[in-house]
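Here the structure comes first, spelled out in structure tokens, and everything after it is commentary.
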Amino acid sequence: VILGLCFLHIPSLLVYSLVFAPSYQLLYFFRSPSVPRKSCNPTYITRLSFKRWNKTVKQFSDIQLGHVRKYKMETLLHMPKKPNIPMNLLEWIDQHMFGSKEPCFKHKNKIIKITKDMVDKIFDFLGGTVPFVFSSGDPQVKAEVTELRNKYVDHRNKMPINKIEEVMLGDETEDGFIRSFAFYFLPSILCPASYCFGNMKFLYSLRDVSAIPSLDFGQLALDFMREESERHFEMIMNRPSVEEMNKSSYIGGCLPI
């Protein structure tokens, strides 16, 4: 029913984030500015990191696939090949969304809360409850994270996704591969970065591979979407006029997850 509504031409509002299920179901977390935006012509939004992800996981060896199965991450091997999302559908859903501590979709007298359990179900996460940590005051932990980071940096002292991919594909050890697999998944699919660079802060939680199944990936996704939507909302609302607000702006392919 919702897919059929994508052909309605509805005044556009700013779209911020979406969660894309492997089963081609859609969940969204958007926040709309109070100023209506101009209508746009029907078009589609996609994200090429999905294509790269699917191409890369097909190169895994039997040993590496065994590690994925052991950690019960097989669902992540079957992301949509290249999601094409109708913009009019996103606009319609956006008009019925609002951001808060508890993101939800509201239409007439219906309310659907978007929870971490939904994200866990879509990705078949294990339902971990241990929050990600992004820093440490322990010098030993800092040194360990720096050592891990050095494995992924290139000649520019950055961590591009192709370098993370190279390290991952070349490592068949359980700890090394699973850590790289999770580190590759985060900027590619779950918390997509603009230029797909690895973020050192994730290594604080990924350094202990045995703890990865206990990590709360679902809540991480929701927190990331909230931060991105608020950042984009602030950027639009800081424009000097309504005319400027109505101008098109890059929305990161709606941050498909």
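Taken together, the values in this text are just the output of simple stated rules run on the coordinates, not laboratory data. Please read all numbers here as calculations on a predicted model, not as lab measurements. Ideal geometry is used to build each Cβ from the backbone, glycine not excepted, and the neighbour counts take in all protein chains shown.
How would the range 119-161 be classified by its alpha-carbon gyration tensor: rounded, prolate or oblate, with rounded meaning a/c under 1.5 and the a/b versus b/c comparison settling the rest?
Judged from the Cα gyration tensor, the range 119-161 comes out oblate (a/c at least 1.5, b/c at or above a/b).
Once you have the Cα-Cα distance between Lys151 and Thr173, take 0.36 nm times their residue separation minus that, and quote the gain in nm to one decimal.
6.5 nm
I need the peptides 122-132, 56-66 ranked by packing, meaning the mean over residues of other C-beta atoms within 10 angstrom, with the highest value on top.
Highest mean packing first, the order is 122-132, 56-66.
How far apart, in nm, are the 7 Å Cα→Cβ label points at Phe134 and Asp223?
Label-label distance for Phe134 and Asp223, simple model: 0.7 nm.
Need the full-extension length gain, Ala143 to Thr75, defined as separation in residues times 0.36 nm minus the C-alpha distance. One decimal, nm.
Full-extension gain reported as 21.2 nm.
Could you give the nm distance between label points at Lys108 and Tyr195, where each point is 7 Å from its Cα heading toward the beta carbon?
Calculated label separation equals 4.8 nm.
State, to one decimal in nm, how far the label point of Thr43 lies from the label point of Glu244, with both points 7 Å from Cα in the Cβ direction.
For the pair Thr43/Glu244, the computed spacing is 2.2 nm.
Of Lys58/Lys116; Lys81/Lys108; Lys106/Lys201, which ones are farther than 32 Å apart at the Cα?
Lys81/Lys108; Lys106/Lys201
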